[in-house]
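Structure first, then comments.
A short reminder: the numbers here are calculations on the coordinates, not readings from a lab. These numbers were taken from a predicted model, which means no experiment stands behind them. Methodologically, a virtual Cβ is constructed for each residue, glycine included, from the backbone with ideal geometry; neighbour enumeration extends over all protein chains shown.
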Amino acid sequence: MSKRKRIVVKIGSSLLANSDRLTLRYAFLHGVMSDLAQLQSEGYDIVLTSSGSVALGLNMIGKRPEDAGVLDKQAAAACGQPLLMNAYRQVASEHRMNVAQVLVTVDDMEERRRFLNIKNTVLRLFENDILPIINENDTVATRELRVGDNDRLAAKVAQMIQADRLIILTSVEGLYDRDPSDPEAVFISEISDVSDHLLSTTGTSELGSGGMLTKMKAANMAQNAGCETIIAEGIIDRPVSSVLKNERRHTKCLVTGVASSPLEIWLSNRLQVGGTLVVSDDVAQEIVEGTRGVRRTDIISIQGDFTKGDVLHIYNEKGDECARGLTNFSSEETMLLARNLDMSIEDVIGYKTKSDIVGSENMLVLEDRHLQWDAPMDAQKIVMPT
């Protein structure tokens, strides 16, 4: 039996909700679900990542998108999510398709064990020909709803299920070299290096939380996991299959490489920073050359409140990110170990271990194809006692 093709489809709020009335655009919903049902019958495993719950819930709390604060958006998500899923369920049933809801938080996607649990759930849904609809659980998010989370969430899902393609449906045909309202704007049909196009991707829609910049970041995440990304207009008639069959214009972000293991792919694609370490330029160079991990004697400064098993971003003294890896210690333990070099590890933290702070076996050295994160400005320098 041949391997079933896997795709992740991301739909933005502006496609699902009318910007004036903040009501569902049922014509589009019927069009996309009919298309997905047909693709499912042709042997595709599909995950749908869907925005829209906040936009649909704003009417119920008497708010407009431009006036809604964080708590308003969380309350609107609680109101809008049942409306959105009920609409999906009703329309899907007309096409003899079953759907399931999977609500996740950023922490679910960043913590390795929970990430794998979600993956196993999705794979079991595939076995039963059920379409998973994944959305961030905005109602319980403790941080401000960040720009572009659903674009990058879709890329994380694509990485998780080892998808062949990530398809991002939006309100424009694809990427231009500048604002598409400019009459001299040039359409870009194919991209190899996403970083070449970041400066031309500013701006967001009224309803959506992300613009083309977040889609480029999502595409880079997918590229590094061996998944091709397609950015296309969310038309009503066959919005997904028409781009899969190259029947209309779209932007294609090509695969640039595949990490050597699922762990390295997971390390390379982050939604948030768990914590950071700054090491000397010489140590950073040795890390890049693959000769060592991060020892407690290497640390110049620390940022973040992290626990054992979190992913740390490692920077040199110039602020260049050189690697990411799983920490063997919490932030409190790391700080104590770095500040008390004259004491044994056992005397400092109460148990014996030979572990580095970040072992080389659990580290990914960043390459040019990875988009780097800016170094934090508030890292706590290690001050040795006098």
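Observations
- Acute angle (nearest 10 degrees) that the helix 70-94 long axis makes with the longest principal axis of the chain, alpha-carbon atoms: 50
- As a calculated quantity, the FRET efficiency between Ser242 and Leu116 at R0 = 45 Å, using C-beta atoms, amounts to about 0.85.
- For the chain, the longest principal axis of the alpha carbon atoms and the long axis of helix 112-127 meet at an angle near 30°.
- Among the listed pairs Lys10/Lys215; Lys119/Lys156; Lys156/Lys215; Lys352/Lys381; Lys156/Lys354; Lys3/Lys245, those with a Cα-Cα distance over 22 Å are Lys352/Lys381; Lys156/Lys354.
- Rounded tilt (10° steps) of 26-41 against the dominant C-alpha axis of the chain: 70
- Computed FRET value (nearest 0.05) for Asn98 with Ser181, which takes r as the C-beta separation and R₀ as 30 Å: 0.15
- Distant alpha-carbon pairs in segment 273-381 (separation over 16 angstrom), percent: 53
- Sites Asp320 and Thr297, calculated FRET efficiency, Cβ-Cβ separation with R0 25 Å, nearest 0.05: 0.75
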